1. Taking other Cβ within 10 Å of each residue's Cβ, how do Glu190, Glu3 sort, fewest first?
2. Mind listing the long-range amide H neighbours of Phe128? Cut-off is under 5 Å, sequence gap 5 or more, other chains count too, H placed in the peptide plane at 1.01 Å from N.
3. Between Arg220 and Ile43, how high is the FRET efficiency from 1/(1 + (r/R0)^6) when r is the Cβ-Cβ distance and R₀ = 35 Å? Nearest 0.05.
4. Going by how many other beta carbons lie within 10 Å of each one, how would you line up Thr102, Thr127, fewest first?
5. His227 versus Glu11, label points 7 Å from Cα toward the beta carbon: distance in nm?
6. What distance in nm lies between label points placed 7 Å from Cα along the C-beta direction at Ala171 and Ser183?
7. Mind checking which lysines have their Cα closer than 27 Å to the Cα of Lys17? Skip sequence neighbours fewer than 8 apart in that chain.
8. Before rounding to the nearest 500, sum -39500 (n - 2.57) across all DSSP H runs of length at least 4 in the chain and divide by the residue total; then give [θ] at 222 nm in deg cm²/dmol.
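Read-outs: derived from the displayed coordinates by stated rules, not from any lab. Just so you know, these numbers come straight off a predicted model, no measurement behind them. All Cβ positions, glycine included, derive from the backbone under ideal geometry; neighbour counts span all protein chains shown.
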Amino acid sequence: MSETASFGYREVPAEAKAGLVQDLFTQVAGRYDLMNDLMSLGIHRLWKAEMVDWLRPRPGWRVVDVAGGTGDIARAVLDAGVAGVTVVDLTPAMLAEGRARTVDGGRLSGIEWVAGNAEALPLPDRTFDAYTVAFGLRNVTHLDRALAEARRVLKPGGRFLALEFAPRAAAGLNDLYDLYSFSVLPWLGEKVAADREAYVYLAESIRRFPDPEALARMIRAAGFGGHRHRSLSCGIAQLHGATRL
Ligand SMILES: C[S@@+](CC[C@H](N)C(=O)[O-])C[C@H]1O[C@@H](n2cnc3c(N)ncnc32)[C@H](O)[C@@H]1O
């Protein structure tokens, strides 16, 4: 039997998942940033700021932001004074939005935009001082391969930071979280991005993603040390930091 992967609550042939994910993000690219602000009431900005703050980017660093989409993390890291940021994303339409937003904001250099898959990064070994990924790991087909690629492109001692939703919020909040995820989000997706299904996928893929303990085990198993985890906004988001051994 051929290998399958979860695409939200559906099991699809593993080799089909990246195409489905790419179609979805192509569809919502133009409304992606607006939807993020509406869905999270702007809180995603605080989570991303916490990730960049934890990273403490240093002058001279080369940073790769994988699944970088419209470039929030890349711009924040660049503004912190690093030498350069490479954004890698599967979806050219998301990269195009990111590039346009960056140029509109007056940043004409410092970020390279690369179409590619987190599971087979088109980047050389041991090149980067830091690897960041925000809300990207949930979408990959083989999480272990994406983590192995993170290790491969990092220099020894390089920093790894991953921000992702957690499958469950803190105890007592889950009924409300379910109502919001499975009723409000799809409704907003339909009204604002004209794509209800993309936001059903969002809610379902969050529930399918490993919890912080399981993700921590995978990060360590991929060859990272000094792992730390922070739980954000009553457990809704998980932030992991580690060092490439
Ligand atoms: C939820 S968005 C996150 C974008 C951005 N990092 C942020 O936090 O706003 C997920 C992004 O991951 C990208 N993506 C999905 N699967 C990917 C893969 N296998 N490799 C690289 N990028 C991927 C999508 O194209 C999309 O831009």
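1. On the way: Glu190 15, Glu3 9.
If I rank by nearby Cβ atoms, fewest first, I get Glu3, Glu190.
2. Leu154, Lys155
3. Values: r = 28 Å, r/R0 = 0.81.
Efficiency computed from Cβ-Cβ geometry: 0.80.
4. Ascending Cβ contact count within 10 Å gives the list Thr127, Thr102.
5. 2.6
6. In this crude spin-label approximation the distance works out to 2.5 nm.
7. Cross-link targets: Lys48, Lys191.
8. Numbers: 10 runs with 107 residues, N = 245.
Roughly -13000 deg cm²/dmol at 222 nm, from the helical runs in the chain.
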